[in-house]
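S.K.: Before anything else, here's the structure in question.
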Amino acid sequence: MARTIIPFGPQHPVLPEPVHLDLVVEDEKVVEARPSIGFVHRGLEKLVEKKDYVEFVYVAERICGICSFIHGQSYCQAIEAMMNIPVPPRARYLRTVWGELSRIHSHLLWLGLMADAMGFESLFMHSWRARERVLNIVEATTGGRVIFGSCKIGGVRRDIEADAIKNILSELEIIERDLDGITRVFLHDNSVKQRLGGVGVLSRQEAYDLGCVGPVLRASGVAQDMRKLGYAAYQELDMEPVTRLEGDSYARCAVRCGELFQSISLIRQALGKIPPGEIAVKVNGNPNGEIITRTEQPRGEVVYCLKATGGRNLQRFRVRTPTFANLPAMLKLLQGCQLADVPVLVLTIDPCISCTER
Amino acid sequence: MPYFQMSRLALKWAFTKPPTTAYPFEPRRAIAGSRGQLVFTKDNCVYCTVCAKKCPTGALKVDRAQKMFIIERLRCISCACCVEICPKNSLSLSTDHGFPVTTKTSESYCGS
Amino acid sequence: MMPDQTPEVIDTSNLLERVRALRARGCRLVQICATALLDQFELTYSFDLNGLLSNLRARIPAGDPRVPSIHAIYPCAFLYENEMHDLFNIQVEGMIVDFHGNLYNTSVKFAFGQTKAQAPAPQPAPAPGGN
């Protein structure tokens, strides 16, 4: 049978970020997908040679626009662990609250994009409308909608006062009611189930062997969540990873919908238990040594490897982002799928290509 | 049940005021505390150059001898590092957003 | 708070059998990190089992940067190995899925390779206190 090669990307209406795939197609069935990335490669890992370790927080935050806060938080955690800086408890709780707000906004963004990939534009608009309330909370507490700019080495830069906490909690109730209506459509609507159900099935063993992380792994039944490692304030909060067993795109969507409500519950717990105190400690000296830190981004497990030799600049800064780990799974899912399912399968791993390429 | 999930949402929002603002015909609703453009108060500044040293992007240049404060607006990321470190409270962030320009220029303020 | 992460230094000739042993225990591959030092490349392989990381470290000379591919053991390694090749010009031998330098379409090839201001290999890190 004759094969055609269809170029998909880097500019495509369904892609949030540029990635190029050469799809080798026979009739309507995709036989192979060859990736080509590098369109958003900014060489951020080499920028450590120019920016010192304190300024580098701002670069780390700008690795990605969607998961930016947790990048900044992971960098600060890595340097604090390397230099043995004790972060005050209030700062750890604040980081948890902002991290969970970042997770809610990222999942809502993804839900909107998935609806758009299926052609369900009105649901896309509703998801992003709900996301605006979350972004308003973030802007009121940190000053920025997308790049929070609130993490620094030794703590956080801004505090959330008691009446701001009351505002957040009342806004969360409105957001939760909104999310109830939207997730009901995602989980029970017939057309959504037909587009997502049974598409792109990853068995438990396959997902583990391919090195998947995050919701992709949890939707195949492996309960692995880096928040259980207990960084920031997660040791004192009550959470269990949200898992499903089917391993198809519907399960991945359901895991992310479940995580929305889990994040709201975590924010409520954190704001209820937040201790008074200072929000940052002073940092002196230079980092020396090496460290590997792992945190849970909305897309999965992110690994930060830092190496320093006592100077103002780090020697090596390496980020292994969750989309990088999920790309082999996407390439495997694309083999043997129908051409019309390609947008759903590309989006189902929640690709954040600017994270992948740094 | 699986066929009318969206209609509940659609009906509710058909009779609710839209959450969008018809900007620029309606005024912009800025959120207090939002980080916008840098505001420089010339009278308080002593040209100590600490803000220029702290700026992570190098958007500020301060000349103590000639009493010049130069800011490149397009380089500024509104991180507020300079606002925190200024000993004389001559810098603050407003909630305005930056405007698109056609050429890269710097703004300079001279104190002498 | 952080468990011991000191990497085990091995030689590239032992790499495949050590990786096979880790695979038999059920670890998953977390990342492969390449660092360009003054006259050598330092490769760190990280594996995870139930939240605990095991790290292997191999050093290869910059003049002859070759390392065997672990694709046969961990199929997902092809992305990391292609990235190492595209950014550092490290020759990974026996790559099963090889993009021949087309994965990262940068205008400057092997951009992260040797640079002028690199420190020599670091001293062993001081033991972290307050664990």
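S.K.: To the nearest 20 Debye, how big is the dipole of the protein assembly as shown about its Cα centre, given +1 on the beta carbon of each Lys and Arg and -1 on that of each Asp and Glu?
M.R.: Dipole magnitude for the protein assembly as shown comes out near 1400 debye.
S.K.: Here's something else I'd like to know. Roughly how many nanometres apart are two label points built 7 Å out from the Cα toward the Cβ at C:N14 and A:L245?
M.R.: 4.3 nm
S.K.: With θ set to phi - 60°, apply the Karplus curve 6.51 cos²θ - 1.76 cosθ + 1.60 along the stretch A:82-93 and write out the HN-Hα couplings as whole Hz, x wherever there is a Gly or Pro.
M.R.: Going residue by residue, I get 5, 9, 6, 8, x, 7, x, x, 5, 5, 5, 5 Hz, with x marking Gly and Pro.
S.K.: Using Cα pairs closer than 8 Å and at least 6 residues apart in sequence, work out the relative contact order for the stretch C:8-93, in percent.
M.R.: About 28 percent, as a whole number.
S.K.: A follow-up question, please. Counting only C-alpha contacts under 8 Å and six or more residues apart, can you give the relative contact order of the stretch A:4-357 as a whole percent?
M.R.: Relative CO of the stretch A:4-357 lands at 25 percent.
S.K.: Of A:W128, A:W98, how do they rank once you tally other Cβ atoms within 10 Å and put the fewest first?
M.R.: Fewest-to-most Cβ neighbours within 10 Å comes out as A:W128, A:W98.
S.K.: How much length would be gained if the chain were fully extended between A:L169 and A:N84, taking 0.36 nm per residue of separation minus their Cα-Cα distance, in nm to one decimal?
M.R.: Contour length minus Cα-Cα distance gives 27.2 nm.
S.K.: Same structure, new question: Given R₀ = 22 Å, FRET efficiency for B:K67-B:V101 by Cβ-Cβ distance, to 0.05?
M.R.: 0.25
S.K.: With unit charges on the beta carbon (Lys/Arg positive, Asp/Glu negative), name the residue among B:L91, C:Y80, B:C81 whose Cα is farthest towards the positive pole of the charge dipole of the protein assembly as shown.
M.R.: B:L91
S.K.: Oh, and also: Give me the Kirkwood hydrodynamic radius of chain A, using the inverse of the mean 1/r over all pairs of distinct Cα atoms, in Å to one decimal.
M.R.: Kirkwood radius, chain A: 21.0 Å.
S.K.: On C-alpha positions alone, give me the angle between the axis of helix A:121-142 and the longest principal axis of chain A, in degrees, nearest 10.
M.R.: 10 degrees
S.K.: Can you list the HN-Hα couplings for the stretch A:332-343, worked out from phi with the Karplus curve (6.51, -1.76, 1.60; θ = phi - 60°), rounded to whole Hz and with x for Gly and Pro?
M.R.: Taking θ as phi minus 60°, the curve returns 6, 5, 6, 6, x, 9, 7, 4, 6, 8, 4, x Hz for the stretch A:332-343.
S.K.: Here's a follow-up. In the stretch B:31-110, what is the count of Lys pairs whose alpha carbons are under 22 Å apart, counting only pairs at least 8 residues apart or on separate chains?
M.R.: Number of lysine pairs found: 14.
S.K.: Right, something else. For the residues A:K282, A:K152, B:K67, what sequence is obtained by ranking on other C-beta atoms within 10 Å, fewest first?
M.R.: The most exposed by this proxy come first: A:K282, B:K67, A:K152.
S.K.: Here's another thing I want to ask about it. Output the relative contact order of chain B, whole-number percent, from Cα pairs under 8 angstrom with separation of 6+ residues.
M.R.: The normalised contact order for chain B reaches 31 percent.
S.K.: Which cysteines in chain B lack any other cysteine whose Cβ sits under 4.7 Å from their own Cβ?
M.R.: Cysteines of chain B left without a disulfide-compatible partner: B:C45, B:C48, B:C55, B:C76, B:C79, B:C81, B:C86, B:C110.
S.K.: Now for a different question. List the residues, sorted by chain then number, that are 5 or more residues from A:Q297 or on another chain and whose placed amide H is less than 5 Å from its amide H.
M.R.: A:V302
S.K.: Within the stretch B:31-52, list the residues whose amide N lies under 16 Å from a label point set 7 Å along Cα→Cβ of B:N89.
M.R.: Flagged as within label range: B:39-46.
S.K.: On a full-extension model of 0.36 nm per residue, what is the gain between C:L49 and C:A62, subtracting their alpha-carbon distance, rounded to one decimal in nm?
M.R.: Full-extension gain reported as 1.5 nm.
S.K.: To make sure I understand the rule: partners must be aspartates and glutamates, Cα under 17 Å from the Cα of A:K50, and not fewer than 8 residues away in the same chain. Which ones qualify?
M.R.: Answer for A:K50, where 17 Å is the Cα cut-off: A:E61, listed by chain and number.
S.K.: State the answer as a single residue: which of A:M226, A:L179, B:P24 lies farthest towards the positive end of the charge dipole of the protein assembly as shown, with beta carbon charges of +1 for Lys and Arg and -1 for Asp and Glu, about the Cα centre.
M.R.: Of the candidates, B:P24 comes out farthest on the positive side.
S.K.: Report P(r) for the stretch B:31-110: all Cα-Cα distances, bin width 10 Å, range 0 to the bin holding the largest distance, values in whole percent.
M.R.: Here the calculated profile for the stretch B:31-110 is 18, 55, 25, 2.
S.K.: Next question. By how many degrees, between 0 and 90 and to the nearest 10, does the Cα long axis of helix B:5-14 differ from the longest principal axis of chain B?
M.R.: Taking the Cα atoms of chain B, the angle to B:5-14 is about 70 degrees.
S.K.: Let me ask something else about it. Run lengths n ≥ 4 of DSSP H only: what is the helix-derived mean residue ellipticity at 222 nm for chain A, with -39500 (n - 2.57) per run over all residues, to the nearest 500?
M.R.: The helix contribution divided over chain A gives -15000 deg cm²/dmol.
S.K.: Collect residues whose amide H, placed 1.01 Å from N in the peptide plane, falls under 5 Å from the amide H of C:Q40; neighbours closer than 5 in sequence don't count.
M.R.: So C:Q40 has HN proximity to C:A62.
S.K.: Also: How large is log10 of I(q)/I(0) for the protein assembly as shown at q = 0.06, 0.07, 0.10 Å⁻¹ when the intensity is taken from the Debye formula with one equal scatterer per alpha-carbon?
M.R.: Computed log10 I(q)/I(0) values: -0.33, -0.45, -0.94.
S.K.: Turning to a different aspect of this structure: If we sort C:62-68, C:37-43, B:10-16 on the protection proxy, mean other Cβ atoms within 10 Å, highest first, what's the order?
M.R.: C:37-43, C:62-68, B:10-16
S.K.: Order of B:M68, A:M118, A:M226 from fewest to most other C-beta atoms within 10 Å?
M.R.: With the sparsest Cβ surroundings first, the list reads B:M68, A:M118, A:M226.
S.K.: Using the Cα centre of the protein assembly as shown as origin and beta-carbon charges of +1 (Lys, Arg) and -1 (Asp, Glu), tell me which of C:V30, A:A60, A:I6 is placed farthest towards the positive end of the dipole.
M.R.: With unit charges placed on the Cβ atoms, the residue in question is A:A60.
S.K.: Rounded to the nearest 500, what is chain B's calculated 222 nm mean residue ellipticity when only DSSP H runs of at least 4 contribute -39500 (n - 2.57) each, over all residues? Can you show the working numbers first?
M.R.: Numbers: 3 runs with 20 residues, N = 112.
Calculated mean residue ellipticity at 222 nm is -4500 deg cm²/dmol.
Since every read-out is calculated from the coordinates, none of them should be taken as a lab result. Bear in mind that the values here come from a model prediction, so they are computed numbers and not experimental data. Counting neighbours? That spans all protein chains shown, and the Cβs are built from the backbone with ideal geometry, glycine included.
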